[in-house]
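Structure first, commentary second.
The values are calculated or read from the model by the stated rules, or taken from the named source; none is laboratory data. Quantities reported herein were computed from a predicted structural model and do not represent experimental measurements. Positions of Cβ are generated from backbone atoms using ideal geometry, with glycine treated the same way; all protein chains shown enter the neighbour counts. Heads up: the accessible areas ignore ligands, DNA and RNA and are worked out on the full protein's heavy atoms, side chains in. Shrake-Rupley method; radii C 1.70, N 1.55, O 1.52, S 1.80 Å.
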Amino acid sequence: PDMFMLENGDSMPFIQAKTSGLSTGVPGVLAMLSMAHKEQGTLEWASLFNYASKLANEGFEISPRLHGMLERFGKYIPSTPDQGPTDAHEYFFDDAGQPYPVGYTLKNPDYAKTLDIIAKDPAEFYHGDIAKKIAAMVQQQPRAGSLTAEDIAAYQPVKRAALCQPYRDTQVCGAPPPSSWLAVGMIMGILENGPRPSAAGPDDPKNWALLAQAQQLAYADRDQFIDATQDVHGTTHFVIVDTKGDVVSMTATVESIFGTTRMVGGMFLNNQLTDFSFQHHDKNGNAIVNAVAPNKRPRSSMSPSIVLDEDGNFLMATGSPGGNNIIAYTVKTLVGVFEWGLDPQAAVDLPNMVARGKTVRLEKDAASDSLISAMKEMGFDVDASKGENSGLSVIMRKPDGSLEGAADKRREGIIGTL
């Protein structure tokens, strides 16, 4: 329970905890996907990795956003052995120590080899050489972790029933804890039982005020049980509807930007364990629910959501990356479509607003000056933030049965059909 604490009892600085072996938990996503495929899959498992393998071998162009992240966060990626394993630095930076430029084709043949192994047998990831290499990398100094190959082999995915919140004439459904979707459900329930929004939708600051207050209440309950837990952004999200009408809303993460920066088989190892509280008791001596413990999943902000109509038919799927802001980002699309009558893309394009605690962050580049001023006049402590980093993706079924998609312009999101 004190693995992220210093000898004097203080919490370890986040960057030290992140770029270490302490912070890697057993990767669960592959076990989950394998379980889902066995239950629901129709294509051969081995056929599902061809495109990813081709992309790893032939490479992809570095985007402006990725290049900017390397410029901003490159100083936290170990470049010398005394700082830690240098795999990520060698992957992203040239011999002069500069990040590869925008448009540079970045290849990852090691990842292609890993995909080939997984394609043949996903169990090999947890029981073969990959697991041994992950454990060995985790146990390297500095700040070595204790994860073993036996821990990896013992991992089991867990299938849980979704949580559903009645909302107007729909059901909004999402993942149960340790996901934070519960906060999404709380916000929608508060809005349903509160004052109805005006017909002006996003043009009425009072409607934004209602949303901000609902967020504050839900975040307050959520934060009551985590205390000294930090959230950062290293997440992805997608939604899919297939020709049979099956729907997936999936969020996955290595937790922080480039995870621990340690790599095995072309993969970044996650720093998922920093989603635990760094302290095990609060300042009053009460045990913290999200304290570190073995065989335990840390609290997550991921909140993939699916909306069903009163007959249980699919209406909309949504979700986003973005650390603890995921809750607010996801709710924004639900409110935009079902409260304010917007189409999915217009809902995604709305200003991001995160009301966690006293301060209400409003996306400066998207929110009007009049909205920011009105929120201040209503007594909110408004921070006009430039840093809102959502990556929303949405699919909605229209009344005629056709589908309409939306992707976030703040990231490299796309809408596509096959």
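A few remarks follow.
- Being touching a residue at least 40 places away in the same chain (Cβ under 8 Å), open to solvent by 30 Å² or more (accessible area, probe 1.4 Å) and on the phi > 0 side of the Ramachandran plot is a condition met by at least one residue of segment 95-103.
- Beta carbons closer than 6 Å, at least 6 apart along the sequence or on distinct chains, pair a first residue in segment 241-257 that is farther than 13 Å from S179 by Cα and in contact (Cβ under 8 Å) with a residue 12 or more places away in the chain with a second that is part of a strand (DSSP E or B) and of a type in the set (F, W, Y) for V247/F314; V254/F268.
- Hits in segment 17-40 (condition: without any contact (Cβ under 8 Å) to a residue 60 or more places away in the chain and surrounded by 13 or more Cβ atoms within 10 Å (Cβ to Cβ)): A36, H37
- The number of residues in segment 390-399 being in a loop (DSSP other than H, G, I, E, B) and surrounded by 19 or more Cβ atoms within 10 Å (Cβ to Cβ) comes to 3.
- Test for V184: is it of a type outside the set (D, E), open to solvent by 40 Å² or more (accessible area, probe 1.4 Å) and either outside any loop (DSSP other than H, G, I, E, B) or touching a strand residue (DSSP E or B) at 6+ places or on another chain (Cβ under 9 Å) (or both): no
- Any chance V331 is in contact with an Asp or Glu (Cβ under 6 Å, 6 or more places away or on another chain) and β-branched (V, I, T): no
- Counting only residues that are under 24 Å from the mean Cα position of the chain (by Cα) and not in a strand (DSSP E or B), segment 400-414 holds 7 of them.
- Residue that is farthest from the chain's Cα centre (by Cα), among those in segment 291-316 that are of a type outside the set (D, E, K, R), more than 21 Å from F238 (Cα to Cα) and surrounded by fewer than 20 Cβ atoms within 10 Å (Cβ to Cβ): G312
- Only one entry of L418, L334, L362, L371 meets the criterion of being among the hydrophobic types (A, V, I, L, M, F, W, C), farther than 18 Å from M188 by Cα and surrounded by 21 or more Cβ atoms within 10 Å (Cβ to Cβ), and that entry is L362.
- Within segment 245-264, tally of residues that are open to solvent by 30 Å² or more (accessible area, probe 1.4 Å) and more than 15 Å from the chain's Cα centre (by Cα): 4
- Test: residue in segment 149-168 that is at positive phi, open to solvent by less than 70 Å² (accessible area, probe 1.4 Å) and not in a helix (DSSP H, G or I): yes
- Filtered residues of segment 124-140 (kept if without any contact (Cβ under 8 Å) to a residue 60 or more places away in the chain and either open to solvent by 30 Å² or more (accessible area, probe 1.4 Å) or over 26 Å from the mean Cα position of the chain (by Cα) (or both)): E124, H127, G128, D129, K132, A136
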